[in-house]
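Visitor: Before we start, here is the structure in question, set down as structure tokens.
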Amino acid sequence: MGEYIDKGAIKVIEIIGVSDESFEDAVNQAVAKASETIKGITGVEVVQQSAKVADGKISQYRADVKLAFAVK
């Protein structure tokens, strides 16, 4: 998931991205939103996908993701 480093550490956080378009967009939303405050994200792992259903149709896509970035 994270970049190879020979010294130091990589931090991994877990967040949920939300979209009304697709699972792929939910992942992109998670990365984009996290990138506003976390610099240097090097990897993403999709842990789980789920969706909210209303009136027999998917109304919201959710992607539970882990994001990796080097600890400075």
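The values are calculated or read from the model by the stated rules, or taken from the named source; none is laboratory data. What you are looking at is a predicted structure, and each value in this text was computed from that prediction instead of being measured. Please note: Cβ atoms are built from the backbone with ideal geometry, for glycine as well, and neighbour counts cover all protein chains shown.
Visitor: Failed condition for Gly56, given (1) at pLDDT 95 or above; (2) surrounded by 12 or more Cβ atoms within 10 Å (Cβ to Cβ), with all others met?
Guide: Failing condition for Gly56: (2).
Visitor: Would you call Gly17 out of contact with any Gly (no Cβ under 9 Å at 6 or more places or on another chain) and part of a loop (DSSP other than H, G, I, E, B)? If you could, list the steps in order and put the result at the bottom.
Guide: On the way: out of contact with any Gly (no Cβ under 9 Å at 6 or more places or on another chain): yes; part of a loop (DSSP other than H, G, I, E, B): no.
Spelling it out, it is not the case that Gly17 is out of contact with any Gly (no Cβ under 9 Å at 6 or more places or on another chain) and part of a loop (DSSP other than H, G, I, E, B).
Visitor: Just checking, does the range 22-29 include any residue being in a loop (DSSP other than H, G, I, E, B) and surrounded by 12 or more Cβ atoms within 10 Å (Cβ to Cβ)?
Guide: Checked the range 22-29: at least one residue is in a loop (DSSP other than H, G, I, E, B) and surrounded by 12 or more Cβ atoms within 10 Å (Cβ to Cβ).
Visitor: Count, please, the residues in the range 17-40 that happen to be among the hydrophobic types (A, V, I, L, M, F, W, C), over 10 Å from the mean Cα position of the chain (by Cα) and over 11 Å from Asp64 (Cα atoms). Please lay out each step first, then the result.
Guide: Keep residues of the range 17-40 that are among the hydrophobic types (A, V, I, L, M, F, W, C), which gives 18, 23, 26-27, 30-32, 34, 38.
So of that shortlist, the ones also over 10 Å from the mean Cα position of the chain (by Cα) come out as 23, 38.
When the remaining residues are screened for being over 11 Å from Asp64 (Cα atoms), the result is 38.
Residues in the range 17-40 being among the hydrophobic types (A, V, I, L, M, F, W, C), over 10 Å from the mean Cα position of the chain (by Cα) and over 11 Å from Asp64 (Cα atoms): 1 in total.
Visitor: Can I ask one more? Determine the pairs where a residue that is free of Cβ contacts under 8 Å to residues at least 24 places away in the same chain and in a strand (DSSP E or B), located within the range 53-72, has a partner that is among the aromatic types (Phe, Trp, Tyr) and surrounded by fewer than 16 Cβ atoms within 10 Å (Cβ to Cβ) with Cβ atoms under 6 Å apart, the partner being 6 or more residues away or on another chain.
Guide: The qualifying pairs do not exist here.
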